[in-house]
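For reference, the structure is listed below as C-alpha cells.
The values are calculated or read from the model by the stated rules, or taken from the named source; none is laboratory data. On a predicted model such as this, the values are computed, not experimentally measured, just so you know. So basically every Cβ, Gly included, is an ideal-geometry build from the backbone, and we count neighbours across all protein chains shown.
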Amino acid sequence: MTFRTFAMAGATSLAAIGAQAEVKVGMITTLSGGGASLGIDVRDGFMLAVEQSGRDDIEVVIEDDQRKPDIAVQLSDKMIQAEKVDVLTGIIWSNLAMAVVPGAVAQGKFYLSPNAGPSALAGKGCHQNYFNVAWQNDNLHEAAGAYANDAGYKNSFILAPNYPAGQDALTGYERMYEGDLAGEIYTQLGQTDYAAEIAQIRASGADSVFFFLPGGMGISFLKQYADSGVDLPVVGPAFSFDQGILQAVGEAALGVVNTSQWSKDIDNPTNAAFVESFQAKYDRLPSLYASQGFDTANLLISAMEKADVSDADAFRAALEAAEFDSTRGDFAFGPNHHPVQDIYVREVIKEGDVFTNKIIGVALEDHADAYAADCKM
C-alpha cells in the first residue's frame, strides 16, 4: 500500500497540492505483520515532526515492506527510478537495510536510518550519504552488558534471533560483559514458541538472562518465560520492553531492567513537548521508535534549512552538523555518521493502568560505536 503525505496542514494527496514538493522522501517501513507496530511508530513520529514544522515543501511517499527484503528492494528501486525521491528512510529491520541501503546510496540518494544500524554499515561499509539517527546495533546491548557487570551477574544466558541485528546484539553484550556465558542461542527470526530455549535456560546454571527479541518475538518470550517459573533476572534492550510491547506483556515485565538511548522521562523541553503532542495526536504514549522517527524528520528539516538537497555536498554537511533539537537532548554524529550519545538504564513500572519505563541510571556516557575506526569516508 502507498501513502502520500505533505507538510501542509490538511493536505494528504498530490491533487491537494498541485505542485512538486522541493524534497521528496521515500519511506519504506513495516506496516503489516508481526513487526507492524515498530514501523507505524516510526512513521507516526516522523510525520508528527513534519506536520509541526509547518513546511509545505516536503512530500513523503510511504510504502509497506511487509518485513521482506525482496519487497523492500523492489520498493527502493521504484522510489528511486520512478518516484525520483531525494531521501530514503524508514527501514526497521537490519536484513532489509542491508538489502536496500548500499544500492540506494550508490545511486546518490541520502539514506537516513530511523532504526536499523547493522555493523556492516558502520565500519568498512559506511558511506557518506548514509546517516543513522538511532544507534549502531550493538549499542544498547553493550549498555546491557555494562549494567550486568554493575549488577554482579557472573553467568549470563544470552539469546537473540539469527539475523544481522541479532548477531550484533550478542556481540555487543559480550563486548562489555565481563562474566561467563551459561549458554548462547540464536533463535529463528519471527519465532513465537520458546519452550525449548526456556528449558535450556532452566538447566544451564545461569544467574541471569540477556535477550534481544524485538516486536512480537519479545512479547511471546516474556509471557512464556513468566509462565515457566524460571526466576532468573532478565536484562534486555529497550526493543523488548518498549511502550507498545509492555501493554501486551503486562505484569510479567514489571521490574525488568532494560537499556535505551531514549525514554519518555528524559528531562528536556523538546522531549516533554514530543511526548505530550504525540499522545494528543495518536492517543498513545510514544515508543523509542516514535522518538527516532521524530528525530529523523527533524534532522532532515534542519538540513533543508541550511542547504538545497540538489547540492549534495552542502546538504551532506548540513546533515553532519545535526543542528536540531533532539528528544534525547544533545545530539552529535561520530565520524561514521552514527550517534555519540548517552545510553540509559530503565526499569519497567506501572503508572495507573499503563506499563511504562523510568530511568534509574546511565549505563554508558557519550558512547560511540566500536566500528567507527574502520570507516574510511
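Below are the figures for this structure:
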item: Single residue of Ala307, Ala318, Ala332, Ala297 found to be within 25 Å of Leu38 (Cα to Cα), touching a helix residue (DSSP H, G or I) at 6+ places or on another chain (Cβ under 7 Å) and of a type in the set (Gly, Ala, Ser); result: Ala297
item: So Asn115, is it surrounded by 24 or more Cβ atoms within 10 Å (Cβ to Cβ) and within 15 Å of the chain's Cα centre (by Cα); result: yes
item: Residue list for the stretch 161-179, restricted to those being more than 20 Å from the chain's Cα centre (by Cα) and either crowded, with 24+ Cβ neighbours inside 10 Å or assigned by TED's automatic domain parsing to the domain that holds Phe46 (or both); result: Tyr177
item: Residue within the stretch 4-18 that is touching an Asp or Glu at 6+ places or on another chain (Cβ under 9 Å) and modelled with pLDDT of 95 or more present; result: no
item: Subset of the stretch 353-369 (residues that are buried (at least 18 other Cβ atoms within 10 Å of the Cβ) and of a type in the set (A, V, I, L, M)); result: Ala363, Leu364, Ala368
item: Qualifying positions in the stretch 138-160 - crowded, with 22+ Cβ neighbours inside 10 Å and not in a helix (DSSP H, G or I); result: Asp138, Tyr153, Ser156, Phe157, Ile158, Leu159, Ala160
item: Number of the condition not met by Ile40 [criteria: (1) under 21 Å from Gly244 (Cα atoms); (2) out of contact with any Leu (no Cβ under 9 Å at 6 or more places or on another chain); (3) surrounded by fewer than 24 Cβ atoms within 10 Å (Cβ to Cβ); (4) of a type in the set (A, V, I, L, M, F, W, C)]; result: (2)
item: The one condition in (1) in a strand (DSSP E or B); (2) surrounded by 15 or more Cβ atoms within 10 Å (Cβ to Cβ); (3) out of contact with any His (no Cβ under 7 Å at 6 or more places or on another chain) that Lys350 fails to fulfil; result: (2)
item: Per-region count, the stretch 329-347, residues in contact with a strand residue (DSSP E or B) (Cβ under 6 Å, 6 or more places away or on another chain), under 27 Å from Val234 (Cβ atoms) and crowded, with 22+ Cβ neighbours inside 10 Å; result: 4
item: Residue list for the stretch 267-319, filter: of a type in the set (Ser, Thr, Tyr) and over 14 Å from Val42 (Cα atoms); result: Thr270, Ser277, Ser302, Ser310
item: Residue check, Ile91 crowded, with 22+ Cβ neighbours inside 10 Å, touching a residue at least 40 places away in the same chain (Cβ under 8 Å) and either of a type in the set (Gly, Ala, Ser) or assigned by TED's automatic domain parsing to the domain that holds Tyr289 (or both); result: yes
item: Yes/no for Ala120 being in contact with a Ser or Thr (Cβ under 7 Å, 6 or more places away or on another chain) and in a helix (DSSP H, G or I); result: no
item: Selected residue [in contact with a strand residue (DSSP E or B) (Cβ under 9 Å, 6 or more places away or on another chain) and modelled with pLDDT of 95 or more] from Met79, Met1, Met98; result: Met79
